[in-house]
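Comments concern the structure below.
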Amino acid sequence: MRSLCVIFLLLSSIAAHAGEGNHIAVHGFDKMSCGDWRASRYDSTVRGQYVAWMRGIVTGYNYANPEEQVAALQMPDDAALAFYVDGYCRDRPLTPFVGAAFALIDELRGKAPQITHVAPRDDLFQDWLHQQSPDMQSLDANVQHKIYNKESTLRSK
């Protein structure tokens, strides 16, 4: 309950949102970098904590912005949420993981480009990506996922 209160207090000022250059004090775990997120890939307990934290941030946003709610049906399931954060951290390896929460809110609220890909199982995608050329590996994560999804669709036919 204490951590939920902290999230609500933290996000009560989010109406001015981080995208406008304001600084928001973010309270979370000791390890909140994209590198820490990526290191949690094979630890379902730690990964689950990160995903729950992300859901708490969105809940806090909803609390602070009742007129601009992220609807329950808009919120990705755990696998898609993890996929989203993977892409965010892959594209911004030096950025703190917490930025993914604010980017997700912007995207779900229509303030950023929408997620246009279907999230593949992360382990299958990662295996596929490691087999690709360096040129493919250097592409934007959304482009990589679109290519992977297209190839997967063709293989399944």
request  = May I ask for the Kirkwood hydrodynamic radius of region 47-100, worked out over all distinct Cα pairs and given in angstroms to one decimal?
outcome  = 11.9
note = So for R0 = 35 Å, FRET eff. of GLN131-ARG55 from the Cβ-Cβ r, to 0.05, ends up at 0.60
request  = Quick one: which residues, 5+ away or cross-chain, put their amide H under 5 Å from the amide H of SER33? H built at 1.01 Å from N.
outcome  = PHE97
request  = Output ³J(HN,Hα) for region 75-86: one whole-Hz value per residue in order, computed from phi by the Karplus curve 6.51 cos²θ - 1.76 cosθ + 1.60 with θ = phi - 60°, and x for Gly and Pro.
outcome  = 6, x, 6, 4, 5, 5, 5, 4, 4, 4, 5, 4
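Any read-out appearing in this document is the output of simple, stated calculations on the displayed coordinates, not a laboratory observation. Predicted, not measured: the structure shown is a model, and the values here were computed from it. Neighbour counts run over all protein chains shown; Cβ positions are idealised from the backbone, glycine included.
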